[in-house]
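Asks: Encoded as structure tokens, here's the structure I'll be asking about.
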Amino acid sequence: MLTEDQLIPISALQHYVFCPRQCGLIHLEQFWSENRFTAEGRQLHERVHEADKENRPGVRIVRGLPIRSYRLGLVGQADVVEFHLADQGIPLSEADGLWQPFPVEYKRGKPKLGKCDQVQLCAQAICLEEMLNTDVPNGAFFYGKPRRRTEVEFTKDLRNYTEEIARQIHLLLDQKRTPTAAYSKKCNSCSLYERCLPKTTGIKKKIDLYLAKAFEESLGEDDS
Ligand code: SF4
């Protein structure tokens, strides 16, 4: 169990899955550059959190819910948590029966390749389970393009992967060492491209390694 001041933002998970260096630059070195995509995403989240409370038959909806897990050391805010009337779950005030939490995350674009989004949503589910002491087996994304809802099952594999990513981030922050850059296609959509300069810093790292190796070899020759 971690303490309050050891909690890291849930958003760090998707940064780390996208690129460990991006995670280090944002959460260790406090760099943040907003580009068009991150600005649109932020505005969408603000709109979701400002929306009125809404209840439908068999569903209670809470927006902008603060969440945390001391076990994984995570803290954040869920866009939307729906509570579905079910056979198991938790009791709610002013409503009969049991209600199962179901997190819903809003995304401005289309589904991403890889597990960035799923890990973030799974972390929300793990936080809700710890806080409410109940199971959260499923959740959903609402994607802007095309506008549709996609359901996600929080499988054992996804949970294990999410927990491992959380552990890796805590390690990265404890060691206070931002990973070096490795240029790849995803760099072109990275909001930190201008600060990271992956082509330059990647080459510099190779030169540093080359010089360090040459220096070691020259010491070896002197000894002989
Ligand atoms: S530019 Fe590339 S290497 Fe640098 S933080 Fe972004 S994704 Fe990572």
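The values are calculated or read from the model by the stated rules, or taken from the named source; none is laboratory data. Here the structure is a predicted model, which means the values were calculated and not measured. Cβ coordinates were reconstructed from backbone atoms using ideal geometry, including for glycine residues, and neighbour counts include every protein chain displayed. For accessibility, only protein heavy atoms count, side chains too; no ligands or nucleic acids. Shrake-Rupley method; radii C 1.70, N 1.55, O 1.52, S 1.80 Å.
Asks: Has segment 50-62 got at least one residue that is open to solvent by 20 Å² or more (accessible area, probe 1.4 Å) and touching a helix residue (DSSP H, G or I) at 6+ places or on another chain (Cβ under 7 Å)?
Replies: no
Asks: Out of E130, E153, which single residue is of a type in the set (D, E) and touching a Ser or Thr at 6+ places or on another chain (Cβ under 6 Å)?
Replies: Only one candidate qualifies: E130.
Asks: Return the only residue of Y143, Y106 being of a type in the set (S, T, Y) and open to solvent by 40 Å² or more (accessible area, probe 1.4 Å). Before you say what the answer is, go through the steps one by one.
Replies: On the way: Y143 fails: open to solvent by 40 Å² or more (accessible area, probe 1.4 Å).
Result: Y106 is the single residue among Y143, Y106 that is of a type in the set (S, T, Y) and open to solvent by 40 Å² or more (accessible area, probe 1.4 Å).
Asks: Scan segment 88-102 and give yes if some residue there is open to solvent by less than 40 Å² (accessible area, probe 1.4 Å), assigned to a strand (DSSP E or B) and in contact with a helix residue (DSSP H, G or I) (Cβ under 6 Å, 6 or more places away or on another chain), otherwise no.
Replies: Filtering segment 88-102 for residues open to solvent by less than 40 Å² (accessible area, probe 1.4 Å) gives 89-90, 95, 99-102.
Of the ones still in play, those that are also assigned to a strand (DSSP E or B) are 90, 95, 99-102.
Subsequent filtering for residues that are in contact with a helix residue (DSSP H, G or I) (Cβ under 6 Å, 6 or more places away or on another chain) retains 90, 101.
There is at least one residue in segment 88-102 that is open to solvent by less than 40 Å² (accessible area, probe 1.4 Å), assigned to a strand (DSSP E or B) and in contact with a helix residue (DSSP H, G or I) (Cβ under 6 Å, 6 or more places away or on another chain).
Asks: Which of the residues belonging to segment 109-136 are open to solvent by 50 Å² or more (accessible area, probe 1.4 Å), over 24 Å from F18 (Cβ atoms) and in a loop (DSSP other than H, G, I, E, B)?
Replies: N133, D135
Asks: If you don't mind, there's one more thing I want to ask. Could you grab me the full set of residues in segment 184-194 that are in a helix (DSSP H, G or I) and near the ligand (Cβ under 7 Å from one of its atoms)?
Replies: Within segment 184-194, K186, C187, Y193 meet the criteria.
Asks: Search segment 146-158 for residues being in contact (Cβ under 8 Å) with a residue 24 or more places away in the chain and within 12 Å of P111 (Cβ to Cβ), and hand back the single one that is least open to solvent (accessible area, probe 1.4 Å).
Replies: V152
Asks: How many residues, within segment 156-172, are more than 16 Å from the ligand (Cβ to nearest atom) and either under 16 Å from S69 (Cα atoms) or in contact with a helix residue (DSSP H, G or I) (Cβ under 9 Å, 6 or more places away or on another chain) (or both)?
Replies: To start, the set of residues in segment 156-172 that are more than 16 Å from the ligand (Cβ to nearest atom) comprises 156-164, 166-167, 170-171.
Still in the running and either under 16 Å from S69 (Cα atoms) or in contact with a helix residue (DSSP H, G or I) (Cβ under 9 Å, 6 or more places away or on another chain) (or both): 158-164, 166-167, 170.
Of the residues in that region, 10 qualify.
Asks: Hey, could you check segment 1-29 for residues that are outside any loop (DSSP other than H, G, I, E, B) and out of contact with any helix residue (DSSP H, G or I) (no Cβ under 9 Å at 6 or more places or on another chain) and say which is nearest to the ligand (Cβ to nearest atom)?
Replies: So, considering only residues that are outside any loop (DSSP other than H, G, I, E, B) and out of contact with any helix residue (DSSP H, G or I) (no Cβ under 9 Å at 6 or more places or on another chain), the one nearest to the ligand (Cβ to nearest atom) is D5.
Asks: Sticking with this structure for a sec: Right, A181: of a type in the set (G, A, S), at pLDDT 90 or above, away from the ligand (no atom under 16 Å from the Cβ) and in contact with a Lys or Arg (Cβ under 7 Å, 6 or more places away or on another chain) or not?
Replies: no
Asks: Assess whether S11 counts as being modelled with pLDDT under 90 and polar (S, T, N, Q). Can you show your working first?
Replies: Working: modelled with pLDDT under 90: no; polar (S, T, N, Q): yes.
Against the criterion (modelled with pLDDT under 90 and polar (S, T, N, Q)), S11 does not qualify.
Asks: Within segment 141-149, can one find any residue that is assigned by TED's automatic domain parsing to the domain that holds P9, part of a loop (DSSP other than H, G, I, E, B), modelled with pLDDT of 95 or more and away from the ligand (no atom under 15 Å from the Cβ)? Please lay out each step first, then the result.
Replies: Taking segment 141-149 as the starting set, the residues that turn out to be assigned by TED's automatic domain parsing to the domain that holds P9 are 141-149.
Now restrict to residues that are part of a loop (DSSP other than H, G, I, E, B): 144-147.
Now narrow it down to the ones that are modelled with pLDDT of 95 or more: none.
No, segment 141-149 has no match at all.
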